[in-house]
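Step one of this worksheet: look at the structure below.
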Amino acid sequence: MAALAGSIGSDSMREQSIPEFDWVQTNEDRIAIYEEGSDPNIGLEPTSIRLIASLDEVLLYLGHRQGTTEVCVAAVFTYSGGTASVSCGEKDVTTHLRDDMWVSVGNADASADGSVPAGLTSERLSASVILYTAP
């Protein structure tokens, strides 16, 4: 599982608790796989989308819900033709991606507040993104 690095930008959107929004958006940050006939930005503000990681059959993105500054984590499932799951929160968000995988974005401590089950292994994917998986 390789986390993808981004460049630091000085004039991009700024959400204090989510430094990934300071990265300069690249072509990699565009959602390349999405379910045919659906929104290619999966409900996210196009200029806010950042690719965080390519995991086992899941592309993981951050972005803002279109028209807001809510923080969203979007998982695009490559094995199912680009179906997506998007979860948002005001400043941080934790979501269950599949049976053995959870992800948390922002300042909330998902392992301490009960947002993810106990006993999962954590891995930092980027400055504010933590992946939780079954050991």
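Note on segment 22-74: residues that are free of Cβ contacts under 8 Å to residues at least 60 places away in the same chain, aliphatic (A, V, I, L, M) and in contact with a Lys or Arg (Cβ under 9 Å, 6 or more places away or on another chain) amount to 5. Among the residues of segment 62-80, none is identified as crowded, with 17+ Cβ neighbours inside 10 Å and polar (S, T, N, Q). Looking across segment 26-50 at every residue that is small (Gly, Ala, Ser) and under 16 Å from the mean Cα position of the chain (by Cα), the one that is surrounded by the fewest Cβ atoms within 10 Å (Cβ to Cβ) is identified as ALA32. Of all residues in segment 90-107, those satisfying the criterion of being of a type outside the set (D, E, K, R) and surrounded by 17 or more Cβ atoms within 10 Å (Cβ to Cβ) are VAL93, THR94, THR95, LEU97, MET101, TRP102, VAL103, SER104, VAL105, GLY106. Strands (runs of 3 or more DSSP E) fully within segment 45-93 that include at least 2 residues being closer than 23 Å to THR26 by Cβ, modelled with pLDDT of 95 or more and touching a helix residue (DSSP H, G or I) at 6+ places or on another chain (Cβ under 7 Å): 50-55, 58-64.
The values are calculated or read from the model by the stated rules, or taken from the named source; none is laboratory data. Note that the structure is a prediction, hence the values are computed from the model and not measured. With ideal geometry, Cβ positions are generated from the backbone for all residues, glycine too; neighbour counts draw on all protein chains shown.
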